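Everything on this sheet refers to the single structure shown next.
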Amino acid sequence: MYLSNRLNVLTFLAAFAGIVALSPHLHAASTASDSEPKIKNVLFIVSDDLKASVLGCYGNKICKTPNIDKLARGAMVFNRAYCQGMSCAPSRKSFMFSRYQDTKGINLGEHFKNNGWYSARVGKIYHMRVPGDIIAGTDGLDVVSSWTERYNSQGKEAHTPGAYACLNLNVFTDKLEGRESTAMPNRMFVSVSYKGDGSDQPDHATATKTMELLRKHKDKPFFIAAGLVRPHYPNVAPEQYFEPYRWQDIALPELVDNDINDIPKFGRPGTMNSSNPIGKYPDNQKRMWAAYYATVTFMDEQVGRIINELDRLDLRKNTAIVLLSDHGYHLGEHTFWQKSNLHEEVVRVPLIISIPGMKPGKTDAITELIDIYPTLTQLAGLSIPPDVQGKSFLPVLKNPAASIKTGALSFHRGVALREEYFAYMRYTDGTEELYDMKIDPLQFTNQAPNPTYYKNLNLMQKKLTTRIKETGIAFDEKETN
């Protein structure tokens, strides 16, 4: 259904242009209470393009993630955590600055560094081109003020010798010549299975360096951020990680006839079965899933190596562990591929947080990735900088039934508001989507045109307009994958 009220359109566009100033009541308390638990260290682990639904602790029965699942059993698992940017660059800036769409103020690493903590980056935290910056060993869009030290983790990526596949072109070869790589149009459908132990891979290097830094800085407060690039394409891993996932056994996502007919143009990603050769190869779509699973399992093993070293050093008792992804991913759901759209598989992300002395559990509390910054700051007993737009979810860590906000905002060619029962998207051309998440969690039916849902649509329109006014946000950011 298109926006029916001209006043709503004008209000939306005015708010979207950033006319309304930031509401002062958004911020959490500026300082932590003396009664709050204090952490001495933070281990901040970021995976790349990892969808929540692929992890065992989020209900997946196929993908093997024993280390992340073990972490989850002793942590708080957020079932409804949502990213604010729909691709790497905007998402990572948003959670590192706790800002919806800009980089105003002091970033997370910088805040800890300014308060006397050692702050280090290993691998990809801010945006890096994958594979480009990984092959070159360059910094990408890193923000140098965040870190006391920073380290890049190189790898050959698609040029790793082994069984190469470019699955949308149906190419399978062992030759190194002609492989899709940096800035090439089919690089997102590449996998490489090879003989080796994985020690040549960038994520292995990130884990090894992180372990070294834990040993070196164990006696003083640290904020160490480990950025793992898998399962971001190209899906490269030793062949033993592919072996558990026979493509012949993979079941593709459920599809319904005419599923995307009610999705507006701006609600569709750039890559779909109808616009890319991958649509012609259902077996290769299964191979995509198998390769994604393989690299998730490889990434999970690196998480285990890092946390095992933390435990060996007896640092778990005073270290907060945060594991998240920058955004989710489509692997053929709705015939969509990759990211850069506002549907659930992309906006919903894994968020797992282990805090010493706090009970583990699972929570359905709506949470935004920008909330991580003020939460860690509060747990460390530091003041929360005034430009932070997130809200501490410490109450949820104490009580999983608690709630700190009713909805989460996400941005791409418009804005989405995800609440408990409804997901609402409004695009810059005025088109809309509305999903009843209670009866349609896979988002097959856009209820915006349905007169039965008029009241629900109208209410979500008003709520979104109010949130935009409160935050003073403006959607003017060019997204970078």
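Rule-based calculations on the coordinates, nothing more; no lab input. All of these numbers come straight from a predicted model, not from anything done at the bench. Using ideal geometry, Cβ is built from the backbone for each residue, glycine included, and neighbour counts are taken over all protein chains shown.
A few remarks follow.
- Ordering of 316-327, 343-354, 224-235 by packing is 224-235, 343-354, 316-327, highest average first (other Cβ atoms within 10 Å, averaged per residue).
- Here Ala183 and Gln154 are evaluated by their C-beta separation; at R0 = 22 Å the FRET efficiency comes out at 0.80.
- Net charge contributed by nearby residues that have their C-beta within less than 9 Å of Thr210 (K/R +1, D/E -1): 0
- (i) 166; (ii) 242; (iii) 131, with the label sought being that of the calculated volume of the Cα convex hull per residue in Å³: (iii)
- For the chain, the relative contact order works out to 29 percent when only alpha carbon pairs closer than 8 Å and six or more residues apart are counted.
- Helical contribution to [θ] at 222 nm, DSSP H n ≥ 4, -39,500 (n - 2.57), averaged over the chain, rounded to 500: -8000 deg cm²/dmol
- About the centre of its Cα atoms, the chain shows a dipole size close to 880 debye [charges on the beta carbon of Lys, Arg (+1) and Asp, Glu (-1) only; nearest 20 debye].
- The slack between Ser274 and Tyr454, meaning 0.36 nm per residue of separation minus the straight C-alpha distance, is 61.7 nm.
- Qualifying trypsin sites (Lys or Arg not before Pro) for the range 202-276 [loop in DSSP, other Cβ within 10 Å: at most 16]: Lys218, Arg246
- Available extension along the chain between Gln240 and Thr466 is 76.2 nm, counting 0.36 nm per residue and deducting the alpha carbon span.
- Once the C-beta distance of Tyr421 and Leu255 is scaled by a Förster radius of 22 Å, the resulting FRET efficiency is 0.35 to the nearest 0.05.
- Chain lengthening between Asp387 and Asp429 when straightened (0.36 nm per residue, less Cα-Cα): 12.1 nm
- Packing-based ranking, highest mean first, of 94-105, 121-132, 159-170, 251-262 given that Cβ atoms within 10 Å are counted: 121-132, 94-105, 159-170, 251-262
- Modelled this way, with points 7 Å down the Cα-to-C-beta line, the labels at Ala401 and Thr138 are 5.4 nm from one another.
- Fraction of antiparallel bridges per DSSP, the chain only, in percent to nearest 5: 50 percent
- Once the C-beta distance of Asp197 and Asp174 is scaled by a Förster radius of 30 Å, the resulting FRET efficiency is 0.95 to the nearest 0.05.
- Over the range 355-481, Cα pairs under 8 Å with separation of 6+ residues give a relative contact order of 16 percent.
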